[in-house]
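First the structure, which I've put down as structure tokens, then a few questions once you've had a look.
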């Protein structure tokens, strides 16, 4: 019989109550109850991606995860990309369901951090630059998710993980998780060496059977190589202006992008 791996304890696992310092990204929707519950049951920290979703769906998804596990998990919201009235309803749905952890992304909102804390929630804040990391700690966030420009999906910064992560880890006192290019055991070790206490992964979970992504999307991710992504604002739909997104290049991008495709280095 193969013995199960030993837990890897850091301040992040202590904060979140998980066995391994791996946070699953909500990914704006592919991370729903099936994936969140599977990740949580495996000992990492699962998260439901509920950006701009109705409160009825949020309550159903939270209940579905709670039916499968009694461990803590998070809900991911993006305040700056959500209508204020809907955001209020989303937060109320999370708080009434007694969610334990909220994961916010993009611009730092101290008022929302305070509101989450008053509801008894811990707060993880994903940021893309040093100034926002410091602002998130000052606002009371319990941990920082430090997103490098290599990250898939919406990208909030311009600096690589290799450069940004040690800067953020040195500048704040709360736990930091690395995001952007981290998706394996080796990259977890690298993140720890750079000063992080865990990693935040999206693409690594996107193609799993539990992911809510479309099968064609999953296959494109599996087939893609490291040079197949592009960084542009073509898919910044429903987000603030100049919200770049890292995607796999496709015919839509080629037709709509008015400038050459850029990689994270260019």
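The values are calculated or read from the model by the stated rules, or taken from the named source; none is laboratory data. In this text the structure is predicted, and so the values were computed from the model without any measurement. Note that each Cβ is placed from the backbone with ideal geometry, even for glycine, and that neighbours are counted across all protein chains shown.
Mind checking whether some residue in the stretch 197-205 is over 27 Å from residue 176 (Cβ atoms) and either touching a helix residue (DSSP H, G or I) at 6+ places or on another chain (Cβ under 7 Å) or at pLDDT 90 or above (or both)?
Scanning the stretch 197-205 turns up no residue that is over 27 Å from residue 176 (Cβ atoms) and either touching a helix residue (DSSP H, G or I) at 6+ places or on another chain (Cβ under 7 Å) or at pLDDT 90 or above (or both).
Next question, about the same structure. Only one of these is modelled with pLDDT of 85 or more, surrounded by 17 or more Cβ atoms within 10 Å (Cβ to Cβ) and assigned by TED's automatic domain parsing to the domain that holds residue 145: 163, 172. Name it.
172
So, of the residues in the stretch 38-57 that are in contact (Cβ under 8 Å) with a residue 60 or more places away in the chain and surrounded by fewer than 24 Cβ atoms within 10 Å (Cβ to Cβ), which turns out to be farthest from residue 184 (Cα to Cα)?
Taking the candidates together, the pick is 52.
Turning to a different aspect of this structure: Looking at (1) crowded, with 21+ Cβ neighbours inside 10 Å; (2) over 21 Å from residue 201 (Cβ atoms); (3) free of Cβ contacts under 8 Å to residues at least 24 places away in the same chain, which is the one condition that is false for residue 93?
(3)
Run down 143, 136 and say which single residue is in the same structural domain as residue 17 (by TED's automatic domain parsing), buried (at least 24 other Cβ atoms within 10 Å of the Cβ), at pLDDT 95 or above and touching a helix residue (DSSP H, G or I) at 6+ places or on another chain (Cβ under 7 Å).
None of the other options fit; the residue is 143.
Which members of the stretch 175-192 meet the condition of being buried (at least 20 other Cβ atoms within 10 Å of the Cβ) and not in a loop (DSSP other than H, G, I, E, B)?
Once the filter is applied, which keeps residues that are buried (at least 20 other Cβ atoms within 10 Å of the Cβ) and not in a loop (DSSP other than H, G, I, E, B), the stretch 175-192 yields 176, 177, 178, 179, 188, 191.
Table: residues versus (1) part of a loop (DSSP other than H, G, I, E, B); (2) free of Cβ contacts under 8 Å to residues at least 40 places away in the same chain.
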position: 103; (1), (2): no, no
position: 115; (1), (2): no, yes
position: 137; (1), (2): no, yes
position: 144; (1), (2): no, yes
position: 149; (1), (2): yes, no
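Still on this structure, I have one more. When only residues in the stretch 20-31 that are crowded, with 24+ Cβ neighbours inside 10 Å and modelled with pLDDT of 95 or more count, which is farthest from residue 64 (Cα to Cα)?
Among them, the one singled out is 21.
May I ask you to list the residues in the stretch 117-135 that are within 21 Å of residue 170 (Cα to Cα) and part of a helix (DSSP H, G or I)?
Once the filter is applied, which keeps residues that are within 21 Å of residue 170 (Cα to Cα) and part of a helix (DSSP H, G or I), the stretch 117-135 yields 130, 131, 132, 133, 134, 135.
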